[in-house]
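Single-structure report; data block below.
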Amino acid sequence: MFDIPFENSWPIANILTEPVGVAHYVSVGAVLFVCGALCMATKRNALGVLMGIELVLNGANLNFVAFGSQYLRADEHSLGLDGQLIALFVIVLAAAEAAVALAIVLNFYNSHDSIDVDHADQLSG
Amino acid sequence: MESIYWPSFFFWLFSAITCSFAVGVLVSTNIVRMAFYLVLSLAAAAGLMFLAGADFVGAMQLLIYVGGTLVLLIFGVMLTSQERFVEMKTWAGDWVKGFLAGGALLFVLIYAAFSIPEWRGMERTAAEAVPTTHTVTPIAMGLLGARTDAPDRPGYLLLFEIVSVHLLVVLIGAAYLARARRTRTIESMK
Amino acid sequence: MLSVPAVGPDPLTWGYTDSIGSAGLRKNQQVASFLSEYIWTWLAYTFAGLVHIALIINLVAVGALIFIWLERKISGRIQDRLGPTRVGGKFGWLQTLADGLKLITKEDLMPAGADGFLFKIAPYVSFCASIAAFIAIPFAGGDYPWIPQRLNTGVFFVIAVLGLEVFGVILAGYSSASKWSLFGAMREAAQVVSYEVPLGMCIVVPVLIAGSLDLIVIGDRQAGWFTNWIIFHDPFTFITFWVYFTCATASVNRAPFDLAEAESELVAGFHTEYSGLRWSFFFMAEYGSMFSVSILASILFLGGWNGPIPISDMLGLTPENGAFAAYIGQFLGAMNVIFKGTIGVCVMMWIRWTLPRLRIDQVMTTCLKYCTPIAAVMFLGATFWQLKIPDRNFFGVMPMNPAVFEIGEGLPGPRFPEIPEGKPITDQVAASNGAERKAL
């Protein structure tokens, strides 16, 4: 069905004897991202949604760090230190955004006495 | 059989911890346990960053993300964890839709990742010959505008200043938003 | 590529390969490199790791034993009484051992409404965070340092891990299903997290004077007489040391900042519902943290393994005179570090039994209105001092030893990247017509 463009064997054949590459890190980042996105979509607790956001940002961070790592790819098209610097800024901005989001959630809790996001429907038509 | 390449072993170990606890966050219904699983997942992600050679970013992840942002989140959990809010279940229909969409996205991402030959990893001899470098001083110089590792790339001084001012604004805003007020009466709940 | 523009030969032709995954082990992995000649490399690494773990746990656990006894003796003397005098002779040496036996044999209780998994795991989280800080703390430096793992981001890693201890506290407070535990845990978490800010700023001052986050580099910079100590480098660092000590005391929840465990108000705070062995883990975590911040203070400010008098150099106990002399010299250095750490812990105990406890709002005021601005001003002052009077020690009076500039970071190659003289970076790029520009 798919024309799988693998040159040699499956990538998990030599699981422990070969170095991992960017693709493995990107896969872990993808798992984190999908878990976070599903958390954001399905959790009723507002803090659960916040946790989903943190997972999404961490998945992206792992991607950046992987692209900027000298141990994972051998060519010269590497992000180098830029990957790590971008990840640094993402961490800082995620912390800032979590603080504001928590302040909003606490405000909502104080005024509505509920942390269920399904109860935040005052603007719905 | 060749000898085990230990960085790969630790990669699989850390990524197993990260992914399993991330799925735990997704599946769990108890908000406090979700927070704890998230802590473990992000700490293992910091370990992955250390493995990829980004020790400064990994230490920052531990200090700021795990030790700061998640403590903040857990504070929020503690402040709002009344009896009826600790365990909140999601409707089954949402789960099905979510898993379909999420599963499709995951498949597409992993397939795309493994379809690029350069991303599948270096040869073992080449990987063992990469010299270790320290990243702290080049990162610090880069943040001050002087890129010593790659002189033809721009520095990050402007970004550094912008983020600092941004953090100050966020600090003031969050403190203002979360100031203590009299709570209003309970609204009618559906 | 990422590597620092190296001045020197091809890395593959250096004296020893210095890369991960290879069997070429670095100078600072002595146990593993010694053993790997006899057994497989991975077994050598595992064994070396176990040796390090055993040493560190011995240090923390036996240290906690001794500190608890010391605390009871010191508190007794300060309060004009004797302290333990019965178990183990006239001075009650074995009192803590008897207490430990009692704790192990106590009934293992758990409150009815407690969250079982979190209740059981909380003490271990605290204990792990407390011990993990010792991964990057050196006990002797120089060319063959005694450190479990030499990290380039040494002091950053230690501070990050010390901040993780608060999770055990919060989990314990929440899962105990008791209002008082939850209050104590929230207060303690707020206090620890708030005091990390001035703590970080105080730590940046020795880092900027030594020029590296690596604790071994910071310690080696203070080699020689006590006039080289960073605490005596300029008046700003002198004040910074006291602010650091205050913030460290608050960070480990020691009196007068111990509102979270205040016996008179919250029974026992977050560990009210813990008894027996679980409580002893919290206790060991607290004493382990006290010990690690004291050792950190001694390495950052008080010279670490370099004593007031350079005995090792005067007696010739350096690596040039052979392995045995080097080991004795490093051992003296390690004893020096532990001794200074113990003095720090004793000062914390002394303060505990002398000053009254602060209220929570006073604790927060001290952090936000006093410690943080003072730390910021000291940081500015130290920066300007370092700019204007860069190479002097002891309040600018004595010159710095030129050997300090030769301290490496554990890798072959230059410590600071070489930037070609004369031209700014942009001119170099223009001159090369972007020939080195790497397309993404």
- Positions within the range C:207-240 being within 14 Å of chain B (Cβ to nearest Cβ), surrounded by fewer than 20 Cβ atoms within 10 Å (Cβ to Cβ) and assigned to a loop (DSSP other than H, G, I, E, B), in sequence order: C:Gly211
- Residue among C:Ser178, C:Ser130, C:Ser194 that is among the polar types (S, T, N, Q) and at pLDDT below 85: C:Ser178
- Note on the structure: How many residues of the range A:19-44 are touching a Leu at 6+ places or on another chain (Cβ under 7 Å), over 29 Å from B:Glu128 (Cα atoms) and not hydrophobic (A, V, I, L, M, F, W, C)? The answer is 1
- Query: Residue check, B:Thr125 against (1) within 30 Å of C:Leu208 (Cα to Cα); (2) surrounded by fewer than 15 Cβ atoms within 10 Å (Cβ to Cβ), all met but one. Which one?
  - Reply: (1)
- Message: I need the full set of residues from the range C:397-409 which are modelled with pLDDT under 80 and either among the small types (Gly, Ala, Ser) or not in a loop (DSSP other than H, G, I, E, B) (or both), in order please.
- Response: C:Pro402, C:Ala403, C:Val404, C:Phe405, C:Glu406, C:Gly408
- Note on the structure: Taking the range C:87-118 and keeping residues basic (Lys, Arg) and outside any loop (DSSP other than H, G, I, E, B) leaves C:Lys102
- Return the only residue of B:Ala92, B:Ala101, B:Ala174 being more than 20 Å from B:Phe56 (Cα to Cα), crowded, with 19+ Cβ neighbours inside 10 Å and either more than 9 Å from chain A (Cβ to nearest Cβ) or within 26 Å of the chain's Cα centre (by Cα) (or both). B:Ala174
- Given C:Ala382, C:Ala375, C:Ala325, which one is over 23 Å from the mean Cα position of the chain (by Cα) and outside any loop (DSSP other than H, G, I, E, B)? C:Ala325
- Search result, residues across the range C:117-152 that are of a type outside the set (A, V, I, L, M, F, W, C), under 27 Å from C:Phe339 (Cβ atoms), surrounded by 21 or more Cβ atoms within 10 Å (Cβ to Cβ) and touching a helix residue (DSSP H, G or I) at 6+ places or on another chain (Cβ under 6 Å): C:Ser126, C:Ser130, C:Pro138, C:Gly141, C:Pro145
- Out of all the residues in the range B:117-146, which are part of a loop (DSSP other than H, G, I, E, B), among the β-branched types (Val, Ile, Thr) and within 7 Å of chain A (Cβ to nearest Cβ)? B:Val130, B:Thr135
- Residue, nearest to the other protein chains (Cβ to nearest Cβ), within the range C:162-201, restricted to residues that are among the charged types (D, E, K, R) and in contact with a helix residue (DSSP H, G or I) (Cβ under 6 Å, 6 or more places away or on another chain): C:Glu165
- Options B:Leu38, B:Leu26, B:Leu48: the member that is within 13 Å of the chain's Cα centre (by Cα), buried (at least 22 other Cβ atoms within 10 Å of the Cβ) and farther than 24 Å from B:Phe9 by Cβ: B:Leu38
- Query: Exactly one of (1) among the aromatic types (Phe, Trp, Tyr); (2) over 12 Å from the mean Cα position of the chain (by Cα); (3) within 7 Å of another protein chain (Cβ to nearest Cβ) is unmet by B:Tyr65. Its number?
  - Reply: (2)
- Answer with yes or no whether A:Gly59 is at positive phi and surrounded by 18 or more Cβ atoms within 10 Å (Cβ to Cβ). no
- Candidates A:Gly52, A:Gly21, A:Gly83 - the one that is under 18 Å from B:Val23 (Cβ atoms) and not aromatic (Phe, Trp, Tyr): A:Gly52
- Candidate set from the range C:273-298 (those that are in a helix (DSSP H, G or I) and among the small types (Gly, Ala, Ser)); member that is surrounded by the most Cβ atoms within 10 Å (Cβ to Cβ): C:Gly288
- Breaking point among (1) within 10 Å of chain A (Cβ to nearest Cβ); (2) in contact with a Gly (Cβ under 8 Å, 6 or more places away or on another chain); (3) modelled with pLDDT under 90, for B:Glu187: (2)
- Unique residue being in contact (Cβ under 8 Å) with a residue 24 or more places away in the chain and aromatic (Phe, Trp, Tyr) when the list is A:Phe89, A:Phe108: A:Phe108
- Task: Determine whether B:Met88 is touching a Lys or Arg at 6+ places or on another chain (Cβ under 9 Å) and within 24 Å of C:Lys120 (Cα to Cα).
- Result: yes
- Item | Selection within the range B:9-48 - over 17 Å from B:Thr69 (Cα atoms), in contact with a Leu (Cβ under 7 Å, 6 or more places away or on another chain) and within 7 Å of chain A (Cβ to nearest Cβ) | B:Phe9, B:Phe11, B:Ser15, B:Thr18, B:Leu26, B:Leu48
- Look at B:Leu158 and say whether it is modelled with pLDDT of 90 or more and buried (at least 16 other Cβ atoms within 10 Å of the Cβ). no
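The values are calculated or read from the model by the stated rules, or taken from the named source; none is laboratory data. Predicted model, so just to flag it, every value in this text is computed and none were measured. For neighbour counting, all protein chains shown are included, and Cβ atoms are generated from backbone atoms with ideal geometry for every residue, glycine included.
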